[in-house]
Amino acid sequence: MLSRSGRPLAQALFGPIAKVFIRAGITADQVTIAGTVLTSALALTLIPTNHLILGPWLILAAVIFDNLDGQIARRTGTSSAWGAFLDSTMDRIADGALFLAVGMWAWQYADDSLRAWTLAGTALAMWLGSVVPYARARAESIGAEANVGLAERADRLAVILIVLFLTGLGLGQWWITAGVWLLSLGAAITIVQRIIVVAQQKK
């Protein structure tokens, strides 16, 4: 939901930055790759070392930076199937790194009463979350549309970063446990929504 509703705001806020990048000769592909490397590196270094206050903010900044690739591509007329493929692939890498980092944190720092639940929820969220974009891509490959769902990528990122930050503030580790299970449920619902939408179009 945030992916769709937040796009106009992102264009308004970061359009000027995209113009600066274009003047500097920075391409959309370069931003895509750099954003993925930066997001993954921050997640895998800060979250497993229990930097749960600074970490989410820096990761958010990296994710916002990664948003610039689409704006650069549209403004320079370089949007292409290749760019869409690269962006989607890099997003999966960054998402996987973030949830892997959460799992690493849980293994080291989660209370004994929450560790197993947090690890299981994180694994489930990563698994089901990976199916959400696949369902949309597969739908598009057969000429259908599946741009619906309760929990798209932006929603998942927002939830996990918020619960990490709240835990870092000392408000309880259960925030992360609840967050990953909420994401698992949201991803499962989104998968079902996309299956139903495609069935209505193609059955």
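The values are calculated or read from the model by the stated rules, or taken from the named source; none is laboratory data. Everything numeric in this text was worked out from a predicted model, so none of it was measured. Note that we place each Cβ from the backbone using ideal geometry, even for glycine, and neighbour counts take in every protein chain shown. Surface accessibility is based on the protein's heavy atoms, side chains included, excluding ligands, DNA and RNA. Shrake-Rupley method; radii C 1.70, N 1.55, O 1.52, S 1.80 Å.
Results, tabulated for the structure shown:
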{"quantity": "Counting all C-alpha pairs of segment 25-93, share separated by more than 20 Å (%)", "calculated": "31 percent"}
{"quantity": "Per-pair calculated FRET efficiency, R0 = 25 Å: Leu150 and Phe85 via Cβ, rounded to 0.05", "calculated": "0.45"}
{"quantity": "Shape metrics for segment 115-170, restricted to C-alpha atoms - Rg then Dmax, Å", "calculated": "14.4, 48"}
{"quantity": "Convex hull per residue volume in Å³, alpha carbons only, for the chain", "calculated": "111 Å³"}
{"quantity": "Share of carbon and sulfur in the accessible heavy-atom surface of the chain [1.4 Å probe, %]", "calculated": "70 percent"}
{"quantity": "Accessible surface, per residue, of the chain when the full set of protein chains is kept, probe 1.4 Å, Å²", "calculated": "52 Å²"}
{"quantity": "Structure-based [θ]222 nm, the chain - -39500 (n - 2.57) summed over DSSP H runs of at least 4, per residue, nearest 500", "calculated": "-28000 deg cm²/dmol"}
{"quantity": "Kyte-Doolittle mean at least 0.5, axial Cα span of 15 Å or more - DSSP H helices of the chain", "calculated": "7-23, 28-46, 54-66, 81-109, 153-168, 174-202"}
{"quantity": "Ordering of 158-164, 80-86 by burial proxy (mean other Cβ atoms within 10 Å per residue, highest first)", "calculated": "158-164, 80-86"}
{"quantity": "Gain upon complete extension [Arg92, Thr45; 0.36 nm per residue less C-alpha separation]", "calculated": "15.1 nm"}
{"quantity": "Packing-based order for 136-143, 55-62, 176-183, using average beta carbon neighbours within 10 Å, highest first", "calculated": "176-183, 55-62, 136-143"}
